[in-house]
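The values are calculated or read from the model by the stated rules, or taken from the named source; none is laboratory data. Remember, predicted model here, so these are calculated numbers, not experimental data. Positions of Cβ are backbone-derived with ideal geometry, glycine not excepted, and every protein chain shown enters the neighbour counts. For the accessible areas, the whole protein counts, side chains as well, though only heavy atoms, and no ligand, DNA or RNA atoms are used. Shrake-Rupley method; radii C 1.70, N 1.55, O 1.52, S 1.80 Å.
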Amino acid sequence: CVSRVELSVSCRSLLDRDLGSRSDPLCVLLQDVGGGQWAELDRTERIKNCQNPEFCKKLVVDYYFEKVQKLKFGVYDIDNKSFDLNDDDYLGGIECTLGQVVSSSAFTRPLELKQGKPAGKGTIMISAEEIKDTRVVYLEIEARNLDKKDFLGKSDPFLEFYKQSDAGTWQLVYRSEVIKNNLNPCWRKFSVPLQTFCGGDFNKPIKVQCADHDSDGSHDLIGTFETNLTQLQKAGDCSPVEFECIHPEKKQKKKSYKNSGIVRIKSCKIETEYSFLDYVMGGCQINFTVGVDFTGSNGDPKSPDSLHYISPDGINEYLIAIWSVGSVVQDYDTDKLFPAFGFGAQVPPSWQVSHEFALNFNPSNPYCQGIQGIVDAYRQILPQIRLYGPTNFSPIINHVARFAAQSAQQGTASQYFILLIITDGEITDLDQTRQAIVNASKLPMSIIIVGVGEADFKAMEFLDGDNGVLKSLTGEPAARDIVQFVPFRQFKNAPREALSQMVLAEVPKQLVSYYKWQGWPP
């Protein structure tokens, strides 16, 4: 989900560093590249004599939902011609994440000269906008009386669309399906992003070729014509636009040649496709819930070979998974209250097996304060419960689905739910879980499963549905793919952020696909 984002920056009440006149500020944007190093991404123009600058030049940065992108904004008073900022007065700066900026409509912070030391009354305001043309062209096309190209049968026609590049060469933008043995074909409706189709230029030349498909790749040209989007757009419900398909060689040879068939544009519509950032910037909150597997197959938490054993440096695979996924998602949730549950353990005081108990032992208020709150609750509960079984996923999936269903009734793109299940993979209620996922696929939610330990995760891979659509026992297919499964062992020696990038990369597509299916704008 790479998007490019434009940041607009303005400041208020900057410090005065110039004698006799006001400061001449400029804002620079740096990104954390790891190991305590910061790299400059962009900088604004310098504005002369101004304590309340509104910078005109936008700062451009690539955006990834699945990464925590740490940014630093620095404001400097520029009094010389050199590019280097070390010889200029520092008027203050801030550190934040790109997630924080895109999820607030106007991100405002006091400027600091260094950690904890305010730069007078100076403040900085940053607002984000996605750089994009989200329009999409939808076309419905048919043809009639095409030339017969095959000796034994009729032609097998298909269409190719080319746009003219600035250098004058033709670039393929779309190829239709082949319709077998038909001189009056009707191709299925298709869509191409406007940017791809014509670079957003309605008058850019478009060349359309109709050819007869041969399985050996030696396709025969039937005919071609040139047009542009302005002409194509004239096609409406009652008035299609028609083009003669011309074969240049036939036209030269035969005086009586008219055409090699007619191509009709039945409809040409331009619609807007919304992106993940459109929804986030429109105020969509992402609610994050964690489910932790406390079944006996994990091993006794006191034993060093248990998956729940907390090592001397205070971590295990469960904790790493909570941290790495949670640290990304928390920027998109304003209240930072995350419900966290366990399943598959015997819980005091009755020692009944529970498949959805609150990690903080407070069923009426299972919310933990921040990701640290989930981690603390997990550490506290471990010695107080008995790992048991069976491993049932469906209760916790259905629990989150109830909240998602309530929120969906509002009919707006206001809440989306992510459930992170961390498990050793030995699932017992596979059929109920399949049904729960199929039901949840019609709701604003995604499920991430992180498999810890060395188990055989065949069942988890089956739930992921990447090899085909997941179906319930009764054969009902999932409305969309909402499960992402990742085995932790693949990331044993990788940097910590690699896990979150892998599991979260699908979420933006899943969120957009849900709201698109519902027809809800941001």
Quiz prompt | Of the criteria (1) outside any strand (DSSP E or B); (2) within 25 Å of LEU319 (Cα to Cα); (3) among the hydrophobic types (A, V, I, L, M, F, W, C), which one VAL469 fails | solution = (2)
Practice problem: Scan the stretch 112-148 for residues that are over 20 Å from the mean Cα position of the chain (by Cα) and of a type in the set (Ser, Thr, Tyr) and jot them down. | Solution: THR123, TYR138
Exercise. Could you tell me whether the stretch 121-134 includes any residue that is assigned to a strand (DSSP E or B), closer than 28 Å to GLY200 by Cβ and polar (S, T, N, Q)?
Key: yes
Practice problem: Answer yes or no as to whether LEU387 is touching a strand residue (DSSP E or B) at 6+ places or on another chain (Cβ under 9 Å), within 25 Å of LYS336 (Cβ to Cβ) and of a type outside the set (S, T, N, Q). | Solution: no
Quiz item: Does LEU307 satisfy the criteria of being modelled with pLDDT of 95 or more and assigned to a helix (DSSP H, G or I)?
Solution: no
Practice problem: Evaluate the stretch 393-410: report whether one residue or more is closer than 20 Å to ILE322 by Cβ and modelled with pLDDT under 95. | Solution: no
Self-check item: Per-region count, the stretch 101-122, residues open to solvent by 40 Å² or more (accessible area, probe 1.4 Å) and out of contact with any helix residue (DSSP H, G or I) (no Cβ under 9 Å at 6 or more places or on another chain)
Solution: 13
Quiz item: Pick from ILE449, ILE422, ILE397: which is open to solvent by less than 60 Å² (accessible area, probe 1.4 Å) and in a helix (DSSP H, G or I)?
Solution: ILE397
Quiz item: Considering only residues of the stretch 1-30 that are in contact with an Asp or Glu (Cβ under 7 Å, 6 or more places away or on another chain) and assigned to a loop (DSSP other than H, G, I, E, B), which is surrounded by the most Cβ atoms within 10 Å (Cβ to Cβ)?
Solution: SER23
Self-check item: In the stretch 312-340, residue farthest from GLN490 (Cα to Cα) [restricted to those that are open to solvent by less than 10 Å² (accessible area, probe 1.4 Å) and hydrophobic (A, V, I, L, M, F, W, C)]
Solution: PHE338
Self-check item: the stretch 149-168, residues that are over 33 Å from the mean Cα position of the chain (by Cα) and without any contact (Cβ under 8 Å) to a residue 12 or more places away in the chain
Solution: PHE151, LEU152, ALA167, GLY168
Self-check item: Leading residue by the ranking (least open to solvent (accessible area, probe 1.4 Å)) among those in the stretch 55-100 that are closer than 12 Å to VAL9 by Cβ and not in a strand (DSSP E or B)
Solution: PHE55
Self-check item: Within the stretch 193-242, considering residues that are under 18 Å from LYS269 (Cβ atoms) and among the aromatic types (Phe, Trp, Tyr), the one surrounded by the most Cβ atoms within 10 Å (Cβ to Cβ)
Solution: PHE197
Quiz prompt | Residue count, the stretch 273-304 (criterion: more than 30 Å from PRO522 (Cβ to Cβ), part of a loop (DSSP other than H, G, I, E, B) and open to solvent by 40 Å² or more (accessible area, probe 1.4 Å)) | solution = 3
Practice problem: For residues that are acidic (Asp, Glu), in contact (Cβ under 8 Å) with a residue 12 or more places away in the chain and more than 19 Å from CYS50 (Cα to Cα), tally how many sit in the stretch 74-116. | Solution: 1
Quiz prompt | Any pair with Cβ under 6 angstrom, 6 or more apart, that starts in the stretch 372-391 at a residue that is of a type in the set (Phe, Trp, Tyr) and ends at one that is in a strand (DSSP E or B) and open to solvent by less than 20 Å² (accessible area, probe 1.4 Å) | solution = TYR388/ALA345
Quiz item: Within the stretch 496-522, which residues are over 19 Å from ILE449 (Cα atoms) and of a type outside the set (Lys, Arg)?
Solution: VAL512, SER513, TYR514, TYR515, TRP517, GLN518, GLY519, TRP520, PRO521, PRO522
Quiz item: If we keep just the residues of the stretch 255-272 that are exposed (fewer than 13 other Cβ atoms within 10 Å of the Cβ) and in contact (Cβ under 8 Å) with a residue 12 or more places away in the chain, which is farthest from the chain's Cα centre (by Cα)?
Solution: LYS258
Quiz item: Which of (1) more than 30 Å from LYS516 (Cβ to Cβ); (2) of a type outside the set (Ser, Thr, Tyr); (3) surrounded by 15 or more Cβ atoms within 10 Å (Cβ to Cβ) is the odd one out, the single condition MET125 does not satisfy?
Solution: (3)
